[in-house]
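Here the structure is laid out as structure tokens; the discussion comes afterwards.
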Amino acid sequence: MFAIKSYYNFGLVTTPIAKFIMSWFTQTLSTTIGKKVIMALSGLFLITFIIVHVSGNMLLFKGDEGEAFNLYAKFMTSNPLVRLVSIVLYSGIILHVIYAIVLTLYNRKSRPVGYKMTHPSENSTWKSRNMGILGTLVFIFLVIHMRSFWWEMHFGDIPVKTYAGIEVVDLYTVVLAAFSNWWYSALYVLAMVALGYHLSHGFWSAFQTVGLNHEKYMPLLKKTALIFSIIVPLLFASMPVYFYIKSIL
């Protein structure tokens, strides 16, 4: 009855070009290289978040009884644009974890014997061989960290403070309470060590995966990755160390 096939189905455009793009996209993601690209891009996005996060957390050291930090936390949890980015962030974390698991299982299936006969210490670094373990440790810590701070921030019974007419949740008090516990502070520091090792390899290898690999600037990327993987975890680790020592003095 109809000479021309409708390219609209339930309100969604299904033109041949759109079908080709979707087909190419799904086929790309189904390949090992495609999965690695998703891992790399989500990892680079998480690195960007880490920079923002550690920068904001440095407000804990301002010495104003938590005013700047609490206002920062208020902004980060109420600004519509930041909240939208947060959704992307959580999606990025999930994607990063899922594809890490998928690639690890694929590699084990492809190489059931492992590195037994190939002298792993001569062919790869310890960090590269244990990215899965390091990432798992960081993820477990992240879950505990989200429960201790994010969950308390949104659903906990936290006191409220007012600064210049702006009412905010006193997250600073939650931070002080958490870091006064030696076991939590120790866990935080150990997690930052794992994060440092994870970043030192993941930082530059992500650029390599997306094709930014050249003998001229790859050495610079590796040096940058090393510096970044030392400074950022140290900044994070300085918070529990400082506030725990402060709590026992």
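The values are calculated or read from the model by the stated rules, or taken from the named source; none is laboratory data. In this text, all values refer to a predicted model and were calculated from it rather than measured experimentally. Please note: Cβ atoms are built from the backbone with ideal geometry, for glycine as well, and neighbour counts cover all protein chains shown.
Taking the numbered list (1) at pLDDT 85 or above; (2) within 24 Å of Phe69 (Cα to Cα); (3) surrounded by 14 or more Cβ atoms within 10 Å (Cβ to Cβ) in turn, Thr224 passes all entries but (2). When segment 198-221 is filtered for residues that are of a type outside the set (A, V, I, L, M, F, W, C) and surrounded by fewer than 18 Cβ atoms within 10 Å (Cβ to Cβ), the ones remaining, listed by number, are Gln208, Gly211, Asn213, His214, Glu215, Lys216, Tyr217, Pro219. Within segment 53-75, can you find the residues that are surrounded by fewer than 17 Cβ atoms within 10 Å (Cβ to Cβ), free of Cβ contacts under 8 Å to residues at least 60 places away in the same chain and over 14 Å from Ile166 (Cβ atoms)? Within segment 53-75, His53, Ser55, Gly56, Lys62, Gly63, Asp64 meet the criteria.
Among the candidates Lys161, Lys216, Lys246, single out the residue that is out of contact with any His (no Cβ under 9 Å at 6 or more places or on another chain), charged (D, E, K, R) and in a helix (DSSP H, G or I).
Working: Lys161 fails: in a helix (DSSP H, G or I); Lys216 fails: in a helix (DSSP H, G or I).
Answer to the selection: Lys246.
Regarding segment 5-15, can at least one residue be identified that is part of a helix (DSSP H, G or I) and either at pLDDT below 85 or closer than 24 Å to Leu84 by Cβ (or both)? Looking through segment 5-15, none of the residues is part of a helix (DSSP H, G or I) and either at pLDDT below 85 or closer than 24 Å to Leu84 by Cβ (or both).
Scanning segment 164-187 for residues that are assigned to a loop (DSSP other than H, G, I, E, B) and surrounded by 14 or more Cβ atoms within 10 Å (Cβ to Cβ) yields Asp170, Ser180, Asn181. For Leu195, the conditions (1) aliphatic (A, V, I, L, M); (2) surrounded by fewer than 19 Cβ atoms within 10 Å (Cβ to Cβ); (3) part of a helix (DSSP H, G or I) are fulfilled apart from (2).
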